[in-house]
Amino acid sequence: MIQLILFSLIGALLVFALFFAMRRGPRTEGSSTALVGARQALNSLQAGLLPPELVERIFAPEDYEFVASQAPKDVRDLFCAERKKVAIMWVDQVRQQIRSLMRFHLGSARFHAGLSLQTEIGLAVDFTGLLIACRALQVLLYLRGAYSAPRMVGATAATATRVCRISEESLAFLNAASIGGLGDRSAGAARLL
């Protein structure tokens with residue numbers, strides 16, 4: 001009798017586990033949401049956060065030199081505090097977008113793009129290095145201000161640009177697929193007319 005109860009309980013648990021496994025949503029591997037999110041992160045980095053002109057402007061020491069030469073100490077302090085906030089927010093945004101790209105590559109890219117093992121390892125090293133550099137840069141900017149690490153900012157932006165280039169290559173199939181899909185639809189529409 002005890003064995004019957006035990007086996008019934010194990011069977012019920014297996015059915016219960018199977019039920020919940022089937023109810024889970026589709027895996028993110030290959031989902032269009034993951035692809036669109038990665039494309040948005042890539043566009044945000046390339047167009048909004050990493051253009052050299054923007055990076056140079058956020059961390060330009062000339063701005064501080066001008067304010068220091070023209071304004072009283074209160075204005076200089078306010079300027080430095082505001083510039084520090086902007087710089088930290090920039091690094092935080094870069095870090096968030098890099099994490100979004102990293103999640104895509106960890107979960108989906110290997111199924112969609114023909115990345116070589118060497119490229120994947122290099123990308124993993126770059127992602128890890130970028131996340132560490134962004135966090136270190138945030139701490140440094142918080143402690144010492146927006147003008148404390150110009151070379152580190154440049155190196156972080158250059159590495160992020162390289163990651164974007166590799167990510168863009170792995171996402172290139174999206175453009176080809178959408179253009180091909182549009183071409184098929186227009187050809188089908190032309191046949192109907």
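The values are calculated or read from the model by the stated rules, or taken from the named source; none is laboratory data. None of these values were measured; they are calculated from a predicted model. FYI the Cβ positions are ideal-geometry reconstructions off the backbone, even for glycines, and counts take in every protein chain you see.
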Practice task
Considering only segment 25-131, give the helices (runs of 4 or more DSSP H) lying wholly within it that have at least 2 residues that are more than 16 Å from residue 156 (Cα to Cα) and either modelled with pLDDT under 80 or not β-branched (Val, Ile, Thr) (or both).
Solution key: 32-43, 61-70, 73-104
Handout entry: Residue ID - surrounded by the fewest Cβ atoms within 10 Å (Cβ to Cβ), chosen from residues in segment 55-72 that are of a type outside the set (Asp, Glu) and in contact (Cβ under 8 Å) with a residue 12 or more places away in the chain
Key = 61
Problem - Tally, over segment 130-154, of residues that are without any contact (Cβ under 8 Å) to a residue 24 or more places away in the chain and within 17 Å of the chain's Cα centre (by Cα) - result: 1
Completion exercise
Across (1) among the aliphatic types (A, V, I, L, M); (2) in contact (Cβ under 8 Å) with a residue 60 or more places away in the chain; (3) surrounded by fewer than 14 Cβ atoms within 10 Å (Cβ to Cβ), residue 75 clears everything bar (2)
Problem - residue 176 modelled with pLDDT of 85 or more, out of contact with any His (no Cβ under 7 Å at 6 or more places or on another chain) and assigned to a helix (DSSP H, G or I) - result: no
Handout entry: Test result for residue 18, surrounded by 10 or more Cβ atoms within 10 Å (Cβ to Cβ), within 22 Å of residue 153 (Cβ to Cβ) and either among the aliphatic types (A, V, I, L, M) or modelled with pLDDT of 90 or more (or both)
Key = no
